[in-house]
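Contents: one structure, followed by commentary.
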Amino acid sequence: MKRSIVSVLVSLAGAALVALLVYGVSAQSASRTLDDELAHHRDPVAPEANRALPPLQGGHSVSLASYRGQVVLLNFWASWCVPCQQEAPLLERAQRQLQPHHATVLGVTFRDTTPDSLRFVHHYALTYPSLRDVTGEFTSSYGTEALPESFLIDRAGRIVMISRGEIDERFLQRALALAQSA
């Protein structure tokens, strides 16, 4: 009898440890490796650049690597995100300014349904390309958990600036200056 009680207790303790481990792994905060690299004046290579993501509106899957040679303002967004709604007109204005300089805004919709994302694009008359991160792996590789977040990527595919939250005029000016520099 004592052995079966001890066995049950050991099993329960083991299960509790496994549960604690699973919780610890799943509750970890977003990686800020990219932020740390920029803080140390090292422009990190944009992660998962070769991962192909489906476009929001038809067509073939596209990777960030297909934009190599262009300045890219990579923006993670969702239709339900109020700050995303507020910055959408700014991003569209940025697209009009960047496009003549072989640069683009590239949206990635995250944790959103396709119909809602499409309504968002139409409502704000967005002309820049948007992709869907269906699994969340691409978004996660940037340490993104909260929306919106934006990454300024140079022509060599390196991140030169990060905005964790809504973009501001300084971010947009840096994007335009980078696009005009080449």
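The values are calculated or read from the model by the stated rules, or taken from the named source; none is laboratory data. Every value quoted in this text rests on a predicted model; they were computed, and no experiment measured them. Counting neighbours? That spans all protein chains shown, and the Cβs are built from the backbone with ideal geometry, glycine included. For the accessible areas, the whole protein counts, side chains as well, though only heavy atoms, and no ligand, DNA or RNA atoms are used. Shrake-Rupley method; radii C 1.70, N 1.55, O 1.52, S 1.80 Å.
Points to keep in mind about this one:
- Every pair of residues 6+ apart whose Cβ atoms lie under 7 Å, when the first sits in the stretch 153-182 and is open to solvent by less than 20 Å² (accessible area, probe 1.4 Å) while the second is modelled with pLDDT under 95 and of a type in the set (Val, Ile, Thr): 157/45
- Filter result (closer than 23 Å to residue 62 by Cβ, in contact with an Asp or Glu (Cβ under 6 Å, 6 or more places away or on another chain) and open to solvent by 10 Å² or more (accessible area, probe 1.4 Å)) within the stretch 79-100: 79
- Qualifying residue in the stretch 2-9 (condition: modelled with pLDDT under 85 and either of a type in the set (D, E, K, R) or not in a helix (DSSP H, G or I) (or both)): yes
For (1) open to solvent by 90 Å² or more (accessible area, probe 1.4 Å); (2) modelled with pLDDT of 85 or more; (3) over 19 Å from residue 142 (Cβ atoms), each residue gets a yes or a no:
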residue	(1), (2), (3)
11	no, no, yes
23	yes, no, yes
36	no, yes, no
48	no, yes, no
61	no, yes, no
71	no, yes, no
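- Contact annotation: residue pairs with Cβ atoms under 8 Å, 6 or more positions apart or on different chains, pairing a residue in the stretch 45-59 that is assigned to a strand (DSSP E or B) with a partner that is open to solvent by 50 Å² or more (accessible area, probe 1.4 Å), are 45/158; 53/61; 53/132; 53/134; 55/61; 55/132.
- Checking each residue in the stretch 101-120 for being open to solvent by 10 Å² or more (accessible area, probe 1.4 Å) and either touching a Gly at 6+ places or on another chain (Cβ under 8 Å) or not hydroxyl-bearing (Ser, Thr, Tyr) (or both) picks out 101, 102, 110, 111, 112, 115, 116, 118, 119, 120.
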